[in-house]
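Read through the structure below, which is laid out as structure tokens, and then see the notes.
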Amino acid sequence: MHALLRKSIAVSIVGFGLGMIGTMIPAGAEAPYYGAIAVSQSDDSVYGEATDYDSDGAARRNALSECNKDGTHDCKIEVHFSKNRCGAVAASKDEIAYGLGSTKQEAADNALSEIHGSKLVDAACN
């Protein structure tokens, strides 16, 4: 009888704990994620990326910080994206372009198609 009582209590506690988790995050809802890529305007080999941040602003700030960390002061956000999306940046001698997509490859292809003869700078996904 004691073993059965302990098992019932354990099941009740686990069930209660799972119920609490359900109230913290609504069923079917997922946490939003944001990403960004920043690129130096004078040297496209200098860039910073930030992925899986909980706000667009945090992703942008961190991408800029990453890009500027070695003393670069001319970094600019070239692309930002949200959950389940990818962003890419391509550059030529005179231009910088971005692309979005469901995969890194799709985002890269979209960025590269914007400028004839460009090279891929970076691609990232959340």
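How about segment 57-84: which of its residues are charged (D, E, K, R) and crowded, with 16+ Cβ neighbours inside 10 Å? Those that are charged (D, E, K, R) and crowded, with 16+ Cβ neighbours inside 10 Å: Arg60, Arg61, Glu66, Glu78. Kindly check whether there is at least one residue in segment 70-82 that is in contact with a strand residue (DSSP E or B) (Cβ under 7 Å, 6 or more places away or on another chain), at pLDDT below 95 and closer than 14 Å to Asp44 by Cα. Yes, because at least one residue in segment 70-82 is in contact with a strand residue (DSSP E or B) (Cβ under 7 Å, 6 or more places away or on another chain), at pLDDT below 95 and closer than 14 Å to Asp44 by Cα. Do we have Ala59 as assigned to a strand (DSSP E or B) and either at pLDDT 95 or above or in contact with a strand residue (DSSP E or B) (Cβ under 9 Å, 6 or more places away or on another chain) (or both) here? Considered against the rule, which asks whether it is assigned to a strand (DSSP E or B) and either at pLDDT 95 or above or in contact with a strand residue (DSSP E or B) (Cβ under 9 Å, 6 or more places away or on another chain) (or both), Ala59 comes out as no. Every residue in segment 51-68 that is touching a residue at least 60 places away in the same chain (Cβ under 8 Å) and either farther than 17 Å from Lys83 by Cα or not β-branched (Val, Ile, Thr) (or both), please. Correct list: Asp52 only. For the criterion of being in a strand (DSSP E or B) and either within 18 Å of Gly57 (Cβ to Cβ) or out of contact with any Leu (no Cβ under 8 Å at 6 or more places or on another chain) (or both), Val79 passes. Annotation note: of Ala88, Ala38, the sole residue that is touching a Ser or Thr at 6+ places or on another chain (Cβ under 9 Å) and not charged (D, E, K, R) is Ala38. A search for C-beta distances below 9 Å between a residue of segment 111-122 that is small (Gly, Ala, Ser) and any residue that is part of a loop (DSSP other than H, G, I, E, B), counting only pairs 6+ apart in sequence or on different chains, returns Ala111/Ser118; Gly117/Ser92; Gly117/Lys93; Ser118/Ser92; Ser118/Glu95.
Taking the criterion of being on the phi > 0 side of the Ramachandran plot and either over 16 Å from the mean Cα position of the chain (by Cα) or among the small types (Gly, Ala, Ser) (or both), the only residue of segment 29-72 that qualifies is Gly71.
The values are calculated or read from the model by the stated rules, or taken from the named source; none is laboratory data. Owing to the predicted nature of the structure, the values given are computational and were not obtained by experimental measurement. Positions of Cβ are generated from backbone atoms using ideal geometry, with glycine treated the same way; all protein chains shown enter the neighbour counts.
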